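Following: one structure in structure tokens, then a few remarks.
The values are calculated or read from the model by the stated rules, or taken from the named source; none is laboratory data. Quantities reported herein were computed from a predicted structural model and do not represent experimental measurements. No Cβ is skipped: glycine too gets one built from the backbone with ideal geometry, and neighbour counts run over all protein chains shown.
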Amino acid sequence: MTTRLGVDVGGTFTDLIFYDEESGETRVAKAPTTPASPEQGILHAVAAGVPADRLKAAEYFLHGTTVGLNALLERRGAVVGLLATEGFRDILEIRRGDRVDMYDLFWRQPEPLVPRRLRVPIRERLYATGAVHTPIELDAVRAAAEQFKAEGCTAVAIAFLHAYANGEHELEAARVLREAGFEGEISLSHQVSGEYREYERTTTTVIDAFVRGRMANYLGRLEDALGEEGFDGSSLVTRSGGGAFTFGEAAERPFETIMSGPVAGAEGASEVARAFGYEHVITADVGGTSFDTCLISNGRPTTLYEGEVVGLPVQTPWVDVRSIGAGGGSIAYVDQGGLLRVGPRSAGAVPGPACYGRGGTEPTVTDAAFLLGMLGDGELAGDVRLDRAASEAAIAPLVEALGLSEEEVARGILTIANANMAGAIREITVEQGVDPRSAVLMPFGGAGPLFLSLLADELAIGEILLPPYAGNFSAWGLLGADLTQTVARTRITPLTDEGLAEANALLGDLYAEVGRRATHAGSAGSLRETALDMRYVGQEHTLTVLAGDEQGTIAATPDEVRERFRAEYEQTFGLRMDEAVEIVSLRATIRTPLPRRAEPVGVSSNGHGGAAQPEGTIRAYSFADGDWTDFAVVQRAGLTPGTSVTGPTILLEETATSYIDRGFKGRVHESGSIVLKAEGKA
């Protein structure tokens with residue numbers, strides 16, 4: 001039994017869930033995010049949702065953060081200098097020969113995080129085997145140290161050619177920088193990544209250096225603030241690739257937290273999908289600023305081993321969550337061609353939508369939904385009481401510019417935002433060979449349940465699962481994170497008996513490295529997971545295949561491993577080849593599950609069955625009917641297992657409002673989830 005709290009910081013609201021497994025006590029809270037100092041919003045949420053005595057009893061604080069991501073988006077990080085192998089000074093700008101959109105004639109690559117004057121070439125060279133070709137010139141490193149100090153650099157990234165195979169030269173350069181008096185942060189590529197591909201490894205190292213100081217300062221302030229409030233447990237941060245690690249480990253590897261926030265919802269959805277036995281689940285996490293979606297297949301989110309943010313690659317495990325600027329705070333406007341547009345610009349937490357009454361004057365998705373009656377009487381979590389007159393004043397300029405009625409403009413805003421979200425979902429389903437009509441939609445976040453009917457209609461999805469604590473579900477997902485650390489190393493090896501022996505020897509070193517890095521590595525219940533990046537000889541890219549036993553060793557024969565790879569290749573590309581297979585990189589992961597918590601239960605345990613009893617009705621616009629109609633207003637807290645829910649209904653809960661249009665009906669599951677079916681589609 002254990003007590004824990006999870007806090008997910010979004011663009012508009014900070015969500016909290018407190019859970020005590022022994023007593024079954026669950027508390028939720030939502031507070032406005034404070035972008036200039038995120039820890040203040042967290043403390044407000046803690047104060048609103050957790051009594052002081054319960055905070056002192058909590059064993060774990062689990063956190064999803066966007067501090068690193070925001071630093072990159074805003075270009076507000078360290079002044080970084082780069083030491084690169086002579087001849088590779090411009091790798092950040094040369095990049096690769098492809099582009100994100102090959103047909104976009106106006107595409108421009110993002111500006112490198114390190115300007116050319118701060119990229120210093122160093123004479124040194126290693127072979128791909130790690131053997132030394134040219135010894136390092138340490139006098140050049142000393143000169144670079146003086147240049148970095150003169151330029152006001154607060155961090156240095158060191159990324160030498162083939163350092164993944166031998167970190168000796170990078171370690172020597174770091175030592176000399178310190179001897180020369182450089183006091184800032186230093187990031188070494190062989191410690192950050194350990195994989196080949198010089199551009200990706202160099203960029204990842206620069207990103208690590210860029211966000212390192214800001215992340216360490218933030219986590220330090222947050223940990224101190226929680227301690228002052230009485231918390232004395234373990235503080236953990238979710239990783240971009242799933243799982244969590246300690247604040248101290250996150251400060252050492254901040255690049256692994258870039259997508260920390262959006263991953264929590266995908267992890268929680270995976271747990272629910274496994275419990276229900278669903279093959280495919282599509283998450284629809286709608287907050288105030290962004291829309292995040294992920295495909296869950298057979299209870300697991302799609303995981304990549306390289307991500308991308310603001311056009312820059314990040315060489316780390318990465319749950320494939322797609323994000324677009326579409327949320328409750330997305331601002332609607334008329335473009336130069338006279339067309340209505342929505343987002344990606346957002347009113348955020350400050351000033352927020354006009355109806356929040358905090359100074360916002362521009363029309364947002366929330367304003368449009370409120371005017372259509374979709375938010376009930378307009379009383380939201382965080383003591384927010386919506387102002388109808390403010391929404392009308394904000395939308396008035398659009399009404400005048402478009403020559404439409406207020407209702408038509410509001411409907412247009414919702415329809416466009418919904419289409420943008422559906423487009424992101426098609427990227428992770430249709431483009432990956434999955435028909436969204438065969439999947440289950442799982443909406444959550446403060447505004448996710450608001451779009452459940454609209455998204456289901458747009459994508460012809462027949463079944464929707466509305467989880468408990470939908471508004472704070474990402475925070476709930478945080479509570480189930482495993483303690484996780486991963487290390488990877490490139491070593492191109494033929495798939496033979498000799499090659500597997502070499503791979504197992506390297507795995508021993510990798511697990512030793514993970515053990516030194518991870519504080520939880522020796523804990524009871526720790527699991528080892530081994531994966532191999534493999535390809536047919538002559539190919540450029542790889543597929544990742546699980547291949548280890550409980551000890552992390554590859555016990556299978558070359559033929560067995562080859563068959564696993566060919567099966568994975570056939571599933572991905574639709575064919576098998578007779579070419580030889582080789583191992584490119586090895587990945588070692590140690591995962592330690594936290595004490596398991598019970599399944600979420602968000603309903604009363606008394607009573608069973610019957611129809612939901614509304615506390616009244618409200619006039620709202622029905623997209624199914626194309627007209628205004630009476631919607632039943634139902635409090636979710638009063639629903640019991642087996643209770644039926646039928647649209648048109650506005651379902652209210654503490655931190656979210658669900659808009660269930662006509663044509664959708666379902667029942668409350670014993671877990672507290674509501675399973676809805678769309679008539680004619682299920």
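Yes or no: region 426-443 includes at least one residue that is assigned to a helix (DSSP H, G or I) and under 26 Å from VAL633 (Cβ atoms). Among the residues of region 426-443, not one is assigned to a helix (DSSP H, G or I) and under 26 Å from VAL633 (Cβ atoms), which makes the answer no.
The set of residues in region 1-14 being out of contact with any Gly (no Cβ under 7 Å at 6 or more places or on another chain) and either in a strand (DSSP E or B) or free of Cβ contacts under 8 Å to residues at least 24 places away in the same chain (or both) consists of THR3, ARG4, LEU5, GLY6, VAL7. Does at least one position in region 515-524 carry a residue that is surrounded by fewer than 20 Cβ atoms within 10 Å (Cβ to Cβ), in a strand (DSSP E or B) and among the charged types (D, E, K, R)? No. The set of residues in region 304-332 that are closer than 30 Å to GLY360 by Cβ and assigned to a strand (DSSP E or B) comprises VAL309, ARG322, SER323, ILE324, SER330, ILE331, ALA332.
For region 612-637, a residue qualifies if it is part of a strand (DSSP E or B) and among the charged types (D, E, K, R), and the qualifying residues are ARG619, ASP627, ASP630. Restricting LEU478, LEU452, LEU459 to residues that are touching a strand residue (DSSP E or B) at 6+ places or on another chain (Cβ under 9 Å) and at pLDDT below 95 narrows the list to LEU478. Of the helices (runs of 4 or more DSSP H) entirely within region 198-282, those holding at least 1 residues that are among the hydrophobic types (A, V, I, L, M, F, W, C), touching a residue at least 40 places away in the same chain (Cβ under 8 Å) and more than 23 Å from VAL487 (Cβ to Cβ) occupy 198-228, 260-276.
So, in region 636-671, how many residues would count as being under 17 Å from ARG27 (Cα atoms) and either touching a helix residue (DSSP H, G or I) at 6+ places or on another chain (Cβ under 9 Å) or charged (D, E, K, R) (or both)? Looking only at that region, the number is 7. Can you tell me which residue is nearest to TYR659 (Cα to Cα) among those in region 283-303 that are of a type in the set (S, T, N, Q) and part of a strand (DSSP E or B)? Looking at the filtered set, the residue picked out is THR283. Any residue at all in region 347-356 that is in a strand (DSSP E or B) and in contact with a strand residue (DSSP E or B) (Cβ under 8 Å, 6 or more places away or on another chain)? Scanning region 347-356, I find no residue that is in a strand (DSSP E or B) and in contact with a strand residue (DSSP E or B) (Cβ under 8 Å, 6 or more places away or on another chain), so the answer is no. Residues that are within 16 Å of GLU560 (Cβ to Cβ) and without any contact (Cβ under 8 Å) to a residue 24 or more places away in the chain within region 499-511 comprise just one, ALA501.
Scanning region 19-34 for residues being hydroxyl-bearing (Ser, Thr, Tyr) and either surrounded by fewer than 16 Cβ atoms within 10 Å (Cβ to Cβ) or outside any loop (DSSP other than H, G, I, E, B) (or both) gives a total of 3. Kindly establish whether ASN504 is buried (at least 21 other Cβ atoms within 10 Å of the Cβ) and not in a loop (DSSP other than H, G, I, E, B). When the stated conditions are applied, ASN504 does not pass them. For region 467-506, a residue qualifies if it is closer than 30 Å to LEU594 by Cβ and among the acidic types (Asp, Glu), and exactly one does: ASP482.
Please go through region 548-557 and give me each residue that is in contact with a Lys or Arg (Cβ under 7 Å, 6 or more places away or on another chain) and either touching a residue at least 40 places away in the same chain (Cβ under 8 Å) or closer than 19 Å to PRO317 by Cβ (or both), ordered by number. Those that are in contact with a Lys or Arg (Cβ under 7 Å, 6 or more places away or on another chain) and either touching a residue at least 40 places away in the same chain (Cβ under 8 Å) or closer than 19 Å to PRO317 by Cβ (or both): GLY548, GLY552.
For the condition modelled with pLDDT of 85 or more, within 25 Å of the chain's Cα centre (by Cα) and not assigned by TED's automatic domain parsing to the domain that holds THR134, what is the one hit in LEU62, LEU69? Full working, then the answer.
Values: LEU69 fails: modelled with pLDDT of 85 or more.
None of the other options fit; the residue is LEU62.
Restricting attention to region 531-546, which residues are under 14 Å from ALA488 (Cβ atoms) and part of a loop (DSSP other than H, G, I, E, B)? The answer is THR542, and nothing else. Restricting region 643-669 to residues that are in contact with a Lys or Arg (Cβ under 7 Å, 6 or more places away or on another chain) and among the polar types (S, T, N, Q), the residue that is modelled with the lowest pLDDT is THR655.
Going by the conditions given, is ALA71 in a helix (DSSP H, G or I), crowded, with 22+ Cβ neighbours inside 10 Å and out of contact with any Leu (no Cβ under 8 Å at 6 or more places or on another chain)?
yes
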